[in-house]
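Enquirer: Sharing a structure, written as structure tokens. Questions coming.
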Amino acid sequence: MLKTTFSDLIKDRAHQYWILARFNRPIGILILLWPALWALWIASAGHPDTLVLTVICSGVVLMRAAGCVINDYADRDFDPHVERTKQRPIAVGKVKPKEALWFFVILCLWAFGLVLLLNTYTIALSFVGAFLAASYPFMKRYTQLPQAYLGIAFGWAVPMSFSAQTDSIPPVAWVMYLAVLLWALVYDTMYAMVDKEDDLKIGVKSTAILFGAYDRHIMALLQLIIINLLIIVGQMQGLGLPYYCGLVVATGLCIYQQKLIFYREKSRCFKAFLNSNWFGLVVFIGLLVDYHLG
């Protein structure tokens, strides 16, 4: 009986840490992974180094988990008052804040251990990435643009992927980085629209609040800029028809997302956020097919 009870306790603790790291919700991993894969495929002309591919993909999973952990630590006083987050492990007392901090450190060290397998340039860039991931959750206290800061953090996978593959960061990487930054700003604003009422009550800042009645219009403009930046990427790399077909489908998904958020209904705004995964996927498929045929 004692053995069974101890086993159940271990399973429950593991489950709470699993939830804390959001491994039960892989959407965050995917929308962080797609830009890294875009960058790797362009940097390698469709043939990424196996070690680099493995390290980058593993690093995305670990750092996304670390970001979620430090986010919940930073929001431990806010989450109990927000409908969507009030059942998170720290908010309900199932994981102590100090335990979460240790978990965050372990995940970061694990990711850094993998980065040590890559070149010196990428190792140096990883310190910037770790700082961005650790500082992002606190931005919603000080700026109306935390979603833009998230874009800066999430987009950092692009220069890191280029540096890991080529030991350099060419101009096309920075054009893609800007596209990814704005993409994250858009989909995280859709995500923030779900919490807008609660955020106003507790004093948390977001672009969903900042943009106000012009939120849909601003996001539509940003989506148009994103598509154009990705077109510029294609022109700089001499990409072909499959890539641009992917961008056409991606444009259609942007239009669909605008339709979803038109009335600002919470469930449909969240659905628009989830749909961003397909945007990232179709751009990658375009690159994959283009380089395969080329």
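Enquirer: Quick check on my filter: what residues within region 151-194 are in a helix (DSSP H, G or I), over 16 Å from V233 (Cβ atoms) and hydroxyl-bearing (S, T, Y)?
Expert: Answer for region 151-194, where residues must be in a helix (DSSP H, G or I), over 16 Å from V233 (Cβ atoms) and hydroxyl-bearing (S, T, Y): S163, Y187, T189, Y191.
Enquirer: Continuing with this model, one more query. Residue check: is L239 out of contact with any Gly (no Cβ under 6 Å at 6 or more places or on another chain), under 19 Å from I31 (Cα atoms) and not β-branched (V, I, T)? Write out each step before concluding.
Expert: Numbers: out of contact with any Gly (no Cβ under 6 Å at 6 or more places or on another chain): yes; under 19 Å from I31 (Cα atoms): no; not β-branched (V, I, T): yes.
In short, no.
Enquirer: Please determine, by comparing only the residues of region 105-150 that are aromatic (F, W, Y) and in a helix (DSSP H, G or I), which one is farthest from Y17 (Cα to Cα). Step through it out loud before you land on a result.
Expert: Filtering region 105-150 for residues aromatic (F, W, Y) gives 110, 112, 121, 127, 131, 136, 138, 142, 149.
Going one step further and asking which of them are in a helix (DSSP H, G or I), we end up with 110, 112, 121, 127, 131, 136, 138, 149.
Details: W110: 16, F112: 20, Y121: 32, F127: 25, F131: 22, Y136: 21, F138: 21, Y149: 26 Å.
Out of the qualifying residues, it is Y121.
Enquirer: Moving on. Name the residue, out of R88, R22, that is under 20 Å from the mean Cα position of the chain (by Cα), basic (K, R) and within 28 Å of M160 (Cα to Cα). Walk me through how you get there before you give the answer.
Expert: Numbers: R88 fails: within 28 Å of M160 (Cα to Cα).
Going through R88, R22 in turn, just one is under 20 Å from the mean Cα position of the chain (by Cα), basic (K, R) and within 28 Å of M160 (Cα to Cα): R22.
Enquirer: A further question on this structure: Only one residue in W34, W102, W38 is more than 21 Å from D198 (Cβ to Cβ) and surrounded by fewer than 17 Cβ atoms within 10 Å (Cβ to Cβ). Which one? Steps first, answer last, please.
Expert: On the way: W34 fails: surrounded by fewer than 17 Cβ atoms within 10 Å (Cβ to Cβ); W38 fails: surrounded by fewer than 17 Cβ atoms within 10 Å (Cβ to Cβ).
None of the other options fit; the residue is W102.
Enquirer: Let me ask something else about it. Just to check your reading of the model, which residue among V282, V249 is in contact with a Leu (Cβ under 9 Å, 6 or more places away or on another chain) and at pLDDT 95 or above? Walk me through how you get there before you give the answer.
Expert: Working: V249 fails: in contact with a Leu (Cβ under 9 Å, 6 or more places away or on another chain).
One residue alone meets the criteria, V282.
Enquirer: From the list I232, I225, I218, which residue is part of a helix (DSSP H, G or I), surrounded by fewer than 21 Cβ atoms within 10 Å (Cβ to Cβ), among the β-branched types (V, I, T) and in contact with a Phe, Trp or Tyr (Cβ under 6 Å, 6 or more places away or on another chain)? Lay out the reasoning, then the answer.
Expert: On the way: I232 fails: in contact with a Phe, Trp or Tyr (Cβ under 6 Å, 6 or more places away or on another chain); I225 fails: in contact with a Phe, Trp or Tyr (Cβ under 6 Å, 6 or more places away or on another chain).
Every option except I218 fails the conditions.
Enquirer: Something else now. Just to be sure before I move on: is D72 surrounded by fewer than 22 Cβ atoms within 10 Å (Cβ to Cβ) and either touching a His at 6+ places or on another chain (Cβ under 6 Å) or among the charged types (D, E, K, R) (or both) in the structure I sent? Reasoning before the result, please.
Expert: On the way: surrounded by fewer than 22 Cβ atoms within 10 Å (Cβ to Cβ): no; either touching a His at 6+ places or on another chain (Cβ under 6 Å) or among the charged types (D, E, K, R) (or both): yes.
Considered against the rule, which asks whether it is surrounded by fewer than 22 Cβ atoms within 10 Å (Cβ to Cβ) and either touching a His at 6+ places or on another chain (Cβ under 6 Å) or among the charged types (D, E, K, R) (or both), D72 comes out as no.
The values are calculated or read from the model by the stated rules, or taken from the named source; none is laboratory data. The structure presented is a predicted model; accordingly, all values stated were derived computationally and were not measured. No Cβ is skipped: glycine too gets one built from the backbone with ideal geometry, and neighbour counts run over all protein chains shown.
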